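The structure appears right after this line, and notes come after that.
The values are calculated or read from the model by the stated rules, or taken from the named source; none is laboratory data. Here the structure is a predicted model, which is why all the values come from computation and not from measurement. Cβ atoms come from the backbone with ideal geometry, glycine included; neighbour counts cover every protein chain shown. Note: areas computed on protein heavy atoms with side chains; ligands, DNA, RNA excluded. Shrake-Rupley method; radii C 1.70, N 1.55, O 1.52, S 1.80 Å.
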There are 2 protein chains.
Amino acid sequence: MQKKWWGWGALDKQYPLDAKPEAWPYLKARLGMTADVERAPVALEDIQIPQSRLEQAAVDALVEAVGQMNFSRAGQDRLMHAYGKGYKDLVRLRAGTISNAPDAVVYPNQEAQVEAVLRLAVEHGFAVIPFGGGTSVVSGLEMPDSQSDRPFISLDLGRMAEVVSIDLVSQTATVQAGIMGPRLEEALQAQGMTLGHYPQSFEFSSLGGWVATRSAGQQSTRYGKIEHMVVALRMVTPTGILETRPLPAAAQGPDLNQMAVGSEGLYGVITQVTVRVHALPERREYAAMLFPSWEAGQKALREVLQGERHPATLRLADVAETQALFKLREPSRSPVQAWAQRAFKWYAAKVKDVQMDNACMLIMGFEGAHEQVEQDRDAIVGTCEQNHGVNLGHGIGESWYKSRFELPYLRDTLLDRGVLVDTLETSATWEALPALYAAVISALETAIRADGLDPLVYCHVSHPYHVGASLYFTFMAKQIEGDELAQWTRYKRAASEAIAANGGALSHHHGVGLDHAPWAPDALGAEGMRMLRGLKDAVDPAGVMNPGKIIGTP
Amino acid sequence: MQKKWWGWGALDKQYPLDAKPEAWPYLKARLGMTADVERAPVALEDIQIPQSRLEQAAVDALVEAVGQMNFSRAGQDRLMHAYGKGYKDLVRLRAGTISNAPDAVVYPNQEAQVEAVLRLAVEHGFAVIPFGGGTSVVSGLEMPDSQSDRPFISLDLGRMAEVVSIDLVSQTATVQAGIMGPRLEEALQAQGMTLGHYPQSFEFSSLGGWVATRSAGQQSTRYGKIEHMVVALRMVTPTGILETRPLPAAAQGPDLNQMAVGSEGLYGVITQVTVRVHALPERREYAAMLFPSWEAGQKALREVLQGERHPATLRLADVAETQALFKLREPSRSPVQAWAQRAFKWYAAKVKDVQMDNACMLIMGFEGAHEQVEQDRDAIVGTCEQNHGVNLGHGIGESWYKSRFELPYLRDTLLDRGVLVDTLETSATWEALPALYAAVISALETAIRADGLDPLVYCHVSHPYHVGASLYFTFMAKQIEGDELAQWTRYKRAASEAIAANGGALSHHHGVGLDHAPWAPDALGAEGMRMLRGLKDAVDPAGVMNPGKIIGTP
């Protein structure tokens, strides 16, 4: 499959915005956009990539280490490895501003080649940035400005993508880190198993990338975040190979797996991971409910989790996101459906006191054995109804499930139409969540209004836990032509400051990268930073691994 | 409550061995002990504690830092902080061999005093060993032989034992680390909450100790091990205070909590922990089943966990432990009970094909909401019956639950009677478990037989997980008088080597201490050791914190 170099996913795929007649008029109106604009990415052939700065001796040594076929300085390879898939990345790619491309790309096909590449990095002084699917949205794949003169290479794990073994007794799979989501699930499902990890980037992101960034899938309430799935791993560092044993739990010092998980390439290259897998669910059921308020919905989620029920998915949209979701639906196809919708609205409002202006939608997913799905669903619907939720049945839930990987394509369509659109996420305890939510919404709206623009900002809770939940924000505004990056930076900074002031996580599942690193000293504290840097000094004394991520530059 | 200085728990409490008429004759026969012996601990007043080596300047500075009332060089205080509660410890204590007592004990009552003590340690060059409940069974509380000349103090957290706050919305509690199990549960239960952490040492161990050693409670299948309960913590290191934020999950680099959890005092003193708590269960139900074989029982456990059911307790005894458990029961009180027992044996053997000679007993515990307890119990009993388990009903289960903290007292009684008795534990994936089990049993039996003695070695699975389980071994032999420590060391080494050769964890929930440190390089690998040492160098460059634990001495 050919991938877009300037946007999300498959080259031939687009978000079907015009199939949803209410969507674009709604967005235009909300964003105060009067005229339609059309903004296309520059042509590939017009892009200038700076000359590779790698000295010939380093090139020769790398070619010898990985083989001619696994080494490239070709412009398109370097372009495809220059950025992730954040808003900032797409703006730069579409504009053809590729100042920051790697000086070469290597594609090692075995761990010994990774070791050799890191040895050469120390010897020749270039930096190494590990590359999985390239879907980072936190600038995890580029050099910090302070080191923009330093040569660096992208180490693409795509040729280390085999399933090494599946242990059907222990329900673990040992897999090379470069494998992409679909290939991994295909191999597992052929054995009746699943990892159950479906981040929105699933089709284009890799196991190693998930582990390095602490990814979360849409079914995380049942299967856990990726850090809960890692049983053992191998990470090549400049000083050696960390190899942990597959154990269900242990008391043998601090958890080494959890020092590699989330390390974002700072310490080394994760080459292999043993993950916990599950029997394929006998049954899968998605449904939706409508709550009379954001607070009522959150309370229901909290009670479900604190009541020790673990459905696959619980995803609660706030009022603004609920309304946007309804606008993004395809139109009712028949008068009967339209009548049924009106009847439901009447029922919800008059009988259940759920007013559409304040309604919040919950998507629920259940997976597992038949009996467990039924028990969980009945218990959870009961808890929701006690909190004044109204059952919307399966339609909306199933349609959400079917289109769950589509939304990133919408961003490209909106960029074509001159809309700034980005998402960011954080987490907090239930007690801290309302203030954090209000502060981030307000910070984003205020920052956008300060540019004289109309904001559209909304949020959902997508990963509830016993003690708290994540908040996932979407923000949109009209793009200020010629000022796109600075405009985005203003909004992002406003949100990050609001998160910091309210004790939220730097991120719940996107990672730190360069984008969140300025707030890391606040979030992790001086001693936390010292510990992360101490680990860095121990395993990468020459500082060749992914400079500037998480802990910034010294 | 006065505690035994020479044994387990409360001074006035003993295991009621003689109330179980079959027990001692059975043990004597199994261990080939013909004559009864009586071996008492030396008298307290006969114990000689070496002179404190702390220089006067250090004493003065410590007194100034913590106050006269929080500082002691008294012999009994130093004695009570010299050892943990392992077999090796009790042997030395009972013999009055206290070569290794701390030179002083400090009892800081606030975090600033802990900071001051660590500063003084760096300044004056003495070492600091944090002390919670003092129940380590892996020599976590003493100096390594290689540093026996170095002065050290015991830092007792017992005066930092307050519940700081309980967040009933997020269901978290922030608690000073020195609190003991009963006091913590009392405070939580007064608010309708529980931590659900009941290690066998519960009555005498502390929150900070649990966290520092990766403790597991008997209800861990529902509530998790302690590392799953930690939401945030504070750890005073010689270079500063690690303070993590309470978050349900995050993607902000490697998990700092998990660098402190299990650190066994190597990096600093854990002073405060925010833990996840739960509503008190509406219902609690314990029961037992009998399986025709060890393999059938393990398969049932695996299917329960892989089927995503999480009862509170699942504890499966092997054949030898099942027989010992029956011998440790009190006699049937009535002819009707005795008749019922005979009838059950007939039924199990003839109808269910469970022969008592091969039978393995499972203790099951269910806690939670009424409905969930019923659903889990029905599902789990169903899985057990599919694996040929026979339901024994509630009697044995409830009686296990009632006496669940009693067994450590039995050790004192057996030591009085000249029996070497110890336990050790490990973990592995389900696939690796059978070979690990066989190897450890065989290693212990062989080592004991090599001394010309009759071994009694048995095992249970006490903490099953999705991908594997822990194995908890008990081993007994006649004590060789005058050679007790070397005798024990031979058996312990044999077991540790068998664990290492079969990929088991150094420990599942006791920790590493000094006892398992020789096998750490094998279990954690060179790069893992480098990472743990790198962290040590970053936060404790002077090396004052609990020398020799986990990673040994440099």
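Out of the residues in region B:281-324 that are open to solvent by less than 10 Å² (accessible area, probe 1.4 Å) and among the β-branched types (Val, Ile, Thr), state the one that is nearest to the chain's Cα centre (by Cα).
B:Thr313
Tell me which residues, restricted to region A:392-422, are within 17 Å of A:Ser201 (Cα to Cα) and open to solvent by 40 Å² or more (accessible area, probe 1.4 Å).
Matches in region A:392-422: A:Lys402, A:Ser403, A:Glu406, A:Leu407.
Of everything in region B:530-546, what is open to solvent by 10 Å² or more (accessible area, probe 1.4 Å) and away from chain A (no Cβ under 11 Å)? Give them in sequence order.
B:Ala542, B:Gly543
Specify which of the listed residues (B:Arg92, B:Arg53) is surrounded by fewer than 16 Cβ atoms within 10 Å (Cβ to Cβ) and either under 30 Å from B:Leu118 (Cα atoms) or in contact with a Gly (Cβ under 7 Å, 6 or more places away or on another chain) (or both).
Numbers: B:Arg92 fails: surrounded by fewer than 16 Cβ atoms within 10 Å (Cβ to Cβ).
Selected residue: B:Arg53, the only one of B:Arg92, B:Arg53 that is surrounded by fewer than 16 Cβ atoms within 10 Å (Cβ to Cβ) and either under 30 Å from B:Leu118 (Cα atoms) or in contact with a Gly (Cβ under 7 Å, 6 or more places away or on another chain) (or both).
Quick check on my filter: what residues within region B:441-470 are within 11 Å of chain A (Cβ to nearest Cβ) and free of Cβ contacts under 8 Å to residues at least 60 places away in the same chain?
B:Val467, B:Gly468
Identify the single condition in (1) free of Cβ contacts under 8 Å to residues at least 60 places away in the same chain; (2) open to solvent by less than 40 Å² (accessible area, probe 1.4 Å); (3) within 14 Å of chain A (Cβ to nearest Cβ) that B:Phe473 does not satisfy, given that it satisfies every other one.
(3)
Would you please name the residue that is surrounded by the fewest Cβ atoms within 10 Å (Cβ to Cβ), looking only at residues in region B:498-529 that are of a type in the set (D, E, K, R) and under 24 Å from B:Met143 (Cβ atoms)?
Result: B:Asp522.
For region A:221-272, enumerate the residues that are more than 8 Å from chain B (Cβ to nearest Cβ), in a helix (DSSP H, G or I) and either of a type outside the set (Ser, Thr, Tyr) or open to solvent by 10 Å² or more (accessible area, probe 1.4 Å) (or both).
Residues satisfying the conditions are A:Thr221, A:Ile226, A:His228, A:Met229, A:Asn257.
Check off (1) crowded, with 20+ Cβ neighbours inside 10 Å; (2) in contact (Cβ under 8 Å) with a residue 60 or more places away in the chain for B:Met33 and give me the number that stays unchecked.
The failed condition is (1).
Identify, by number, the condition in (1) open to solvent by 30 Å² or more (accessible area, probe 1.4 Å); (2) touching a residue at least 24 places away in the same chain (Cβ under 8 Å) that B:Ala438 doesn't meet.
Evaluating B:Ala438 over (1) open to solvent by 30 Å² or more (accessible area, probe 1.4 Å); (2) touching a residue at least 24 places away in the same chain (Cβ under 8 Å) leaves (2) as the failure.
Here are some residues: B:Trp8, B:Trp24. Which one is part of a helix (DSSP H, G or I) and in contact (Cβ under 8 Å) with a residue 24 or more places away in the chain? If you could, list the steps in order and put the result at the bottom.
Values: B:Trp8 fails: part of a helix (DSSP H, G or I).
None of the other options fit; the residue is B:Trp24.
Do any strands (runs of 3 or more DSSP E) lying entirely in region B:340-455 carry at least 1 residues that are modelled with pLDDT of 95 or more and touching a Phe, Trp or Tyr at 6+ places or on another chain (Cβ under 6 Å), and which ones are they?
Ranges flagged: B:360-368, B:419-429.
Mind checking whether some residue in region A:360-382 is more than 14 Å from chain B (Cβ to nearest Cβ) and either open to solvent by 50 Å² or more (accessible area, probe 1.4 Å) or among the hydroxyl-bearing types (Ser, Thr, Tyr) (or both)? Talk me through it step by step, then tell me what you get.
Within region A:360-382, the subset more than 14 Å from chain B (Cβ to nearest Cβ) is A:360-365.
Filter once more, keeping what is either open to solvent by 50 Å² or more (accessible area, probe 1.4 Å) or among the hydroxyl-bearing types (Ser, Thr, Tyr) (or both): none.
Checked against the condition, which is being more than 14 Å from chain B (Cβ to nearest Cβ) and either open to solvent by 50 Å² or more (accessible area, probe 1.4 Å) or among the hydroxyl-bearing types (Ser, Thr, Tyr) (or both), region A:360-382 yields no hits at all.
Kindly establish whether A:Ser215 is buried (at least 22 other Cβ atoms within 10 Å of the Cβ) and either within 14 Å of another protein chain (Cβ to nearest Cβ) or outside any strand (DSSP E or B) (or both).
The answer is yes for A:Ser215.
Criterion first (hydrophobic (A, V, I, L, M, F, W, C) and modelled with pLDDT of 95 or more) does A:Met1 satisfy it? Can you show your working first?
Values: hydrophobic (A, V, I, L, M, F, W, C): yes; modelled with pLDDT of 95 or more: no.
Here the answer is no, as A:Met1 does not meet what is asked.
List the residue pairs whose Cβ atoms are under 6 Å apart, where the first residue sits in region A:259-286 and is at positive phi, the second is in a strand (DSSP E or B) and open to solvent by 20 Å² or more (accessible area, probe 1.4 Å), and the two are 6 or more positions apart or on different chains.
Cβ pairs passing all conditions: A:Gly265/A:Pro130.
Is it fair to say A:Glu115 is touching a strand residue (DSSP E or B) at 6+ places or on another chain (Cβ under 7 Å), open to solvent by 20 Å² or more (accessible area, probe 1.4 Å) and on the phi < 0 side of the Ramachandran plot?
yes
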